[in-house]
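The values are calculated or read from the model by the stated rules, or taken from the named source; none is laboratory data. Everything numeric in this text was worked out from a predicted model, so none of it was measured. Virtual Cβ from ideal backbone geometry, glycine too; neighbours counted across all protein chains shown.
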Amino acid sequence: MAVTKAKPASGKSGSATYAAKDIQVLEGLDPVRKRPGMYIGSTGLNGLHHLIWEVVDNSVDEAMAGFCTKITITLHEDGSCQVQDNGRGIPVDPYPSGPHKGKSALEVVLTVLHAGGKFGGDGYKVSGGLHGVGVSVVNALSKKLVAEIDRDGTRFKQEFVDGGKPKSKIQKIGASSSKTNGTSITFFPDPEIFASEGVEFVARTVLERLQTIAFLNRDLEVVFEDKRANKKDKVTYQYKGGIVDFVKHLNVSRESLFNKVAYYEASESDQTLEIALQWNTGYYEGIYGYANGISTIEGGMHVEGFKTALTSVVNKYARSSGGLKEKDENLLGEDIREGLTAIVTVKLRDPQFEGQTKAKLGNVSIRSFVQKETNTKLEEWMLENPTEANRIIKKAVAAAQARIAAKNARNAVRRKTALSGAGMPDKLKDCQSGNPAESELFIVEGDSAGGTAVDARDPRTQAILPIRGKILNVERARLDKMLKNTEVQALITAIGGGVGNDEFSAEKARYHKVIILADADVDGSHIRTLLLTFFYRQMRPMVESGFIYIAQPPLFSTEVGKEKTYLKDESAKEKFLAANPNHKKEFQRLKGLGEMDWQELRGTTMDATTRTLLQVNVEEAAEAENIMSVLMGDDVESRKAFIQKNARDVRNLDF
């Protein structure tokens, strides 16, 4: 139950007669429907897919408890999603006490927030669904939900409608069609809740998450089936190598430093760990932490413990093997982690996540556990694999030399900006505001389009930085080389906050909206991709803070009467023709920003009251790293395979 204040009708911020009658009590699942964002993050596509994760996580908890070997996720043509598992089945016996006495346990789980088997007792030793609100939230945000439970040879069924209201009591519908117990949840997302971006699931988004689940749960069979028209597909994930296969998958588009993947596991009392790691010849580290199957994208104690021990073990080996001489300084952690891909997954009984998003693990005990086991087991691995260990040392020494060169290059950039007075790039047309929260930086390709954007901007809050051509592909270059690139220098200086994820601070950035404004053609798409690669690799906190945006200049224009109408893409054009079937005027394809005058650019793309922006974010860090390497790396075959595999989910395509 939640309590909210009723809003005043008008005038003052409160009522002089504020009393008990002004208190609104939200019963049952009403709080979820009233404030869905509090429970699933948003009512856009991310929130829509979060419904699937909540149901799937319950099945994964059954797998981690040792009772489930197969999970099947089906997207049906009627718009529903069905999640089935062969776990123990949600209990169906009557609830024993309290206000819900007499109701089936299934109904309580589906209609009461914070009801589940994860709050003590012997239901689960470890679980990812810590807050116990998952499946009831899915029920609340669905126009219909059907639960079917197989237990002890009998099938039970209960339906819920209109945001979680039981259509009837639980019913026995006959003998189970399966020899095993299990749970099936089929839900229809409510279009009224998800009105902004619709209720159509994206197969690629679902597949990426399911593949990660299969990697993290060795031998678990995860089946995805898409039964929707024109999207029919069936994919099965099952990995006998678990996180070793995960590391191989992440490095498949990169050149590995050696073929072996280091792996070790350990357990004590109520906590366990599994760690797999391998280096590649690239320049970026990828350490991905998981706690009870939850992706901790901000790391936490388990990742801290691993990093500390890794630095200690590699330095110790470097000294003993002669890779570092007595006069040499120790290698830094960042030197050792260059090109490293690692999965650090732990399971513990009472995980302490920081924040509802579960982005960071806070259990101090897990840090010492991971550090101790890594100190022992990774040292053993290096001693048993001297060829691979020596390659690690050589790469780390080269990274240390590059770090020193990058430091000198950074200092050179700083000296150059200091000597130029204000220190800003000559071509930057800055805004008047000094408040980052309201300041926007438009990165525009070409001086011509840049000049139009300068005329179209609001000079108080909008800055313009023209760049020439395509910037350096930073996926294939170390920082010292990047800092010699004129366009990269201009970006670093204009944005502020430093460069490199070890130094960059989003809090020091001069703009909290950095907007990529490029043509709606192939070259423009390439420029956007190169810029996004730069931000992801060298200013990732900007992406994680939601400060990076992509402008949406229109692709078509046409005339309606004497007025010119702009349409964002092919989809908008089709909707326009459906609404205006007698429209006879031609459509002009706008391939370049230079084809619009400044008034048109302002009205369609830059004016905050009329424009559309796409915000760039990172949800699944490991998969984002993989996609970035596939699309921007050297492996052409991997890139081709990725494009072919995901072509069906493309929403905006330009030839």
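Considering only the stretch 264-300, how many residues are touching a residue at least 60 places away in the same chain (Cβ under 8 Å), in contact with a strand residue (DSSP E or B) (Cβ under 7 Å, 6 or more places away or on another chain) and within 18 Å of K377 (Cβ to Cβ)?
Counting residues in the stretch 264-300 that are touching a residue at least 60 places away in the same chain (Cβ under 8 Å), in contact with a strand residue (DSSP E or B) (Cβ under 7 Å, 6 or more places away or on another chain) and within 18 Å of K377 (Cβ to Cβ) gives 12.
State which residue is nearest to G134 (Cα to Cα) when the search covers only the stretch 187-245 and only residues that are assigned to a loop (DSSP other than H, G, I, E, B) and acidic (D, E).
Here the residue is D190.
Hey, any hits in the stretch 68-83 for a residue that's in the same structural domain as T205 (by TED's automatic domain parsing), touching a residue at least 60 places away in the same chain (Cβ under 8 Å) and at positive phi?
Yes, the stretch 68-83 contains a residue that is in the same structural domain as T205 (by TED's automatic domain parsing), touching a residue at least 60 places away in the same chain (Cβ under 8 Å) and at positive phi.
Looking only at the stretch 557-565, decide whether some residue is crowded, with 22+ Cβ neighbours inside 10 Å, at pLDDT 85 or above and outside any loop (DSSP other than H, G, I, E, B).
Within the stretch 557-565 (the criterion being crowded, with 22+ Cβ neighbours inside 10 Å, at pLDDT 85 or above and outside any loop (DSSP other than H, G, I, E, B)), the answer is no, since none of the residues qualifies.
Mind checking which pairs have a first residue in the stretch 88-102 that is free of Cβ contacts under 8 Å to residues at least 12 places away in the same chain and a second that is of a type in the set (F, W, Y), Cβ under 7 Å, 6 or more apart or different chains?
K101/Y95; G102/Y95
A quick yes/no check of all residues on (1) more than 21 Å from I297 (Cβ to Cβ); (2) in contact (Cβ under 8 Å) with a residue 40 or more places away in the chain; (3) not assigned by TED's automatic domain parsing to the domain that holds R254:
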{"site": "G339", "(1), (2), (3)": "no, yes, no"}
{"site": "T345", "(1), (2), (3)": "no, yes, no"}
{"site": "P351", "(1), (2), (3)": "no, yes, no"}
{"site": "A359", "(1), (2), (3)": "no, yes, no"}
{"site": "V364", "(1), (2), (3)": "no, yes, no"}
{"site": "V370", "(1), (2), (3)": "no, yes, no"}
{"site": "E373", "(1), (2), (3)": "yes, yes, no"}
{"site": "T376", "(1), (2), (3)": "yes, no, no"}
{"site": "M382", "(1), (2), (3)": "yes, yes, no"}
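Run A506 past the list (1) within 19 Å of the chain's Cα centre (by Cα); (2) buried (at least 22 other Cβ atoms within 10 Å of the Cβ); (3) of a type outside the set (K, R) and report the number of the one that doesn't hold.
Condition (2) is where A506 drops out.
State all residues of the stretch 246-262 that are touching a residue at least 60 places away in the same chain (Cβ under 8 Å) and in a strand (DSSP E or B); if no residue qualifies, say none.
If the condition is that a residue be touching a residue at least 60 places away in the same chain (Cβ under 8 Å) and in a strand (DSSP E or B), then A262 is the only one that fits.
Starting from the stretch 565-586, take each residue that is free of Cβ contacts under 8 Å to residues at least 24 places away in the same chain and list its partners that are assigned to a helix (DSSP H, G or I) and not small (G, A, S), counting only C-beta distances under 6 angstrom and pairs at least six apart or across chains.
L567/K573; L567/F576
Take the residues of the stretch 344-363 that are touching an Asp or Glu at 6+ places or on another chain (Cβ under 7 Å) and among the hydrophobic types (A, V, I, L, M, F, W, C): which is modelled with the highest pLDDT?
Going through the qualifying residues, I end up with L348.
I'd like the residue in the stretch 465-494 that is of a type in the set (V, I, T) and crowded, with 17+ Cβ neighbours inside 10 Å and, out of all such residues, is nearest to V454 (Cα to Cα).
Looking at the filtered set, the residue picked out is I467.
Given (1) under 23 Å from T74 (Cα atoms); (2) in contact (Cβ under 8 Å) with a residue 60 or more places away in the chain; (3) surrounded by 13 or more Cβ atoms within 10 Å (Cβ to Cβ); (4) out of contact with any Leu (no Cβ under 7 Å at 6 or more places or on another chain), identify the lone condition not met by G163.
Among (1) under 23 Å from T74 (Cα atoms); (2) in contact (Cβ under 8 Å) with a residue 60 or more places away in the chain; (3) surrounded by 13 or more Cβ atoms within 10 Å (Cβ to Cβ); (4) out of contact with any Leu (no Cβ under 7 Å at 6 or more places or on another chain), the lone unmet condition for G163 is (4).
If I filter the stretch 365-372 for residues that are in contact with a helix residue (DSSP H, G or I) (Cβ under 7 Å, 6 or more places away or on another chain), surrounded by fewer than 23 Cβ atoms within 10 Å (Cβ to Cβ) and more than 16 Å from D270 (Cβ to Cβ), do I get at least one hit?
The answer is yes; a qualifying residue exists.
When you go through L277, L220 one by one, which is the residue that is over 22 Å from the mean Cα position of the chain (by Cα) and either small (G, A, S) or buried (at least 21 other Cβ atoms within 10 Å of the Cβ) (or both)?
L220
Scan the stretch 441-457 for residues that are in contact (Cβ under 8 Å) with a residue 24 or more places away in the chain and either surrounded by fewer than 16 Cβ atoms within 10 Å (Cβ to Cβ) or closer than 15 Å to T493 by Cα (or both) and jot them down.
L441, F442, I443, S448, D455
Quick one: in the stretch 17-40, of everything that is assigned to a loop (DSSP other than H, G, I, E, B) and either surrounded by 15 or more Cβ atoms within 10 Å (Cβ to Cβ) or in contact with a Leu (Cβ under 8 Å, 6 or more places away or on another chain) (or both), which residue is modelled with the lowest pLDDT?
Among residues in the stretch 17-40 that are assigned to a loop (DSSP other than H, G, I, E, B) and either surrounded by 15 or more Cβ atoms within 10 Å (Cβ to Cβ) or in contact with a Leu (Cβ under 8 Å, 6 or more places away or on another chain) (or both), the one modelled with the lowest pLDDT is G28.
With respect to the numbered conditions (1) farther than 20 Å from E438 by Cβ; (2) part of a loop (DSSP other than H, G, I, E, B); (3) under 26 Å from the mean Cα position of the chain (by Cα), which one is the sole condition not fulfilled by P554?
P554 satisfies all of (1) farther than 20 Å from E438 by Cβ; (2) part of a loop (DSSP other than H, G, I, E, B); (3) under 26 Å from the mean Cα position of the chain (by Cα) except (3).
With on the phi > 0 side of the Ramachandran plot, modelled with pLDDT under 90 and either part of a helix (DSSP H, G or I) or over 23 Å from the mean Cα position of the chain (by Cα) (or both) as the only criterion, which of G498, G524 stands out?
G498
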